Amino acid sequence: MKPEIIDPQALKRLVISEKGSAVVLFTGEWCPDCKAFKHTWQEWARSKDGPVFQVDVARGSPLWAEWKLDEIPTVALFVAGSEKGRVHGVIADADLQRLWEKAF
């Protein structure tokens, strides 16, 4: 499945209001580390049949504080309305798989 790009309001509805489960990549087109991670993320996400989303975060955006982002790329797992895990910086397939296995 290709990761779905969603806006921050849709993400909030999905993982907080609706208490759905999802693996979410917080990324930015301006971020060199995010560009380097893009291929790994897309390949991994395509191998999953489940809720995999991507949110673009602008520099200086209030999303940094709202989602408690220290850096991007950050991949977070949300289950039943709360965050259950997170990886950031240099992220490998194994890191993504460990998050996935916590929920699915």
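The values are calculated or read from the model by the stated rules, or taken from the named source; none is laboratory data. Remember, predicted model here, so these are calculated numbers, not experimental data. Here the Cβ positions follow ideal geometry from the backbone for every residue, glycine too, while neighbour counts run over all protein chains shown.
If you take the residues of the range 58-74 that are of a type in the set (A, V, I, L, M) and either part of a loop (DSSP other than H, G, I, E, B) or under 14 Å from S21 (Cβ atoms) (or both), which of them is farthest from the chain's Cα centre (by Cα)? It would help to see each step written out before you state the result.
Filtering the range 58-74 down to residues of a type in the set (A, V, I, L, M) leaves 58, 63, 65, 69, 72.
Filter once more, keeping what is either part of a loop (DSSP other than H, G, I, E, B) or under 14 Å from S21 (Cβ atoms) (or both): 58, 69, 72.
Numbers: A58: 15, L69: 11, I72: 10 Å.
Once the filter is applied, the top-ranked residue is A58.
Taking the listed residues A103, A94, the one that is without any contact (Cβ under 8 Å) to a residue 12 or more places away in the chain and among the small types (G, A, S) is A94, with no other qualifying. Going through (1) free of Cβ contacts under 8 Å to residues at least 40 places away in the same chain; (2) crowded, with 16+ Cβ neighbours inside 10 Å one by one, F26 falls short only on (1). Once the range 19-49 is narrowed to residues that are polar (S, T, N, Q) and at pLDDT 90 or above, the residue that is nearest to E101 (Cα to Cα) is S47.
Here L14 passes the criteria (1) assigned to a helix (DSSP H, G or I); (2) modelled with pLDDT of 85 or more except the one numbered (2). Screening L14 with (1) within 18 Å of D70 (Cα to Cα); (2) more than 10 Å from the chain's Cα centre (by Cα); (3) touching a residue at least 24 places away in the same chain (Cβ under 8 Å); (4) surrounded by 13 or more Cβ atoms within 10 Å (Cβ to Cβ) gives one miss only, at (1). Under the condition of being at pLDDT 90 or above, in a helix (DSSP H, G or I) and of a type in the set (G, A, S), the residues counted in the range 75-104 number 1. A92 meets each of the listed conditions (1) buried (at least 16 other Cβ atoms within 10 Å of the Cβ); (2) out of contact with any helix residue (DSSP H, G or I) (no Cβ under 7 Å at 6 or more places or on another chain) apart from (1).
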